[in-house]
Amino acid sequence: MANRTDPAARSVHGTNPQNLVEKILRSKIYQNTYWKEQCFGLTAETLVDKAMELDHFGGTFGGNRKATPFMCLTLKMLQIQPEKEIVVEFIKNEDYKYVRILGAFYLRLVGKATDVYQYLEPLYNDYRKIRRKNSDGGFSLWHVDEFIDELLISDYSCDIALPRVPKRHTLEANAVLEPRRSALEDDFEDEEEKEDEEDAAEALEGLELEKDRRRSPQRDRDRERDRRDSYRDRDRARDRDRDRDRDRDRDRDRDRERDRLRERDRDRDYYRDYYRERDRERDRDYYRRDRDRERDRHRDRHRSRSRSRERDRDRSVSPGAERKRRHHSYSPSSRRRRADDGGLEEGEHRVERDEEEKKKKKKTKKEPVATGGIDLEDPEIIAANKLRAELGLKPLR
């Protein structure tokens, strides 16, 4: 399987190298898209190209604790277990800082105590800036020497429990490790040699002054004055160098603080624009739904009004149909049929006709209907007739 350790790999600290990563974190790395797409089939040679593409480091982040590409490549190195020479070349690489810290982190997990101190302590002189991904998904500004110091001092880094390493003074007491030699010791030794030479020169000058004092008092006074002037100039030069070093350190700290603040402002601007765009999109969706809802409501209202108008039109009877019905009811043939059937006489038919005409007049007063089947008391018809009157057109009939 793709998640198994290389069969040729040796056990580290008495266990499978992949077990140095906790099981929960290991399962999250196996489910990561970067692991499935970018880390499949990597070898010790092709892993360098992926390490060169890194732009940050860290453990896990986000609410679901998603693993970073840095952790995916670390687990891949534990899986394939590259040679020690390759890991040392990772650490000595000065062109790509994330390749260097990846090799240092791997060596801290699997290396011996002597190798850890031997190869990681020189990295204290690397002051380059690196980006660390925090657990909340944001970034913070770090330096290579800070990360190396965390690896050598802390027991937990990048959400991984580091193997225990003895203290340096214990290894030095057991003669396993030589005393650490700082990069500044060479400068201190040069300074001490320079001071010794100056002291020797001063001693020679003192002897010569003593000899000259015996010869000429005036010459002694001149030499004494020259010596005081030389001491004064040397003290001034030392003070000037000390002030220059102090200013340089202050400028370096100021630049580092400015870069940290700039990174923080950039992250804050990014998240502010993100949340603002998300709120704007949410408001846009709300207004769009409100507009669609209002359009549907207007369409339903218009449809119900059209249905009520059609029902009123169907309910009303046209005058032509009424005349046709009245003609049919009062025709001679119908009266004759009714007379044959033993119906009412002619006078009674006249009374019924008068009553029907009265009912018809009352109905036409209550429900005025035009010949076209249009309800003249409909508010929309009234409004349309007013508008046609203003435009000089004929009203609807």
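The values are calculated or read from the model by the stated rules, or taken from the named source; none is laboratory data. It should be emphasised that the depicted structure is a prediction, and the values quoted were computed from it without experimental measurement. Note that each Cβ is placed from the backbone with ideal geometry, even for glycine, and that neighbours are counted across all protein chains shown. These accessible areas exclude ligands, DNA and RNA; they are computed on the full protein's heavy atoms, side chains included. Shrake-Rupley method; radii C 1.70, N 1.55, O 1.52, S 1.80 Å.
Could the peptides 241-254, 106-119 be put in order, highest first, of the mean number of other beta-carbon atoms found within 10 Å of their residues?
106-119, 241-254
Just list whichever of K23/K76; K23/K66; K23/K50 have alpha carbons separated by over 18 Å in the model shown. Could the numbers behind the result be given before it?
Values: K23/K76 15 Å; K23/K66 14 Å; K23/K50 24 Å.
Check vs 18 Å cut-off fails for K23/K50.
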Quiz item: Going from most exposed to least, what order do I86, I153, I101 have by accessible area with a 1.4 Å probe?
Solution: I153, I86, I101
Quiz prompt | segment 54-146 - charge dipole about Cα centre, Lys and Arg +1 at Cβ, Asp and Glu -1, debye rounded to 20 | solution = 400 debye
Quiz item: Gain in length, E277 to R168, computed as 0.36 nm per residue apart minus the alpha-carbon separation, to one decimal in nm?
Solution: 33.9 nm
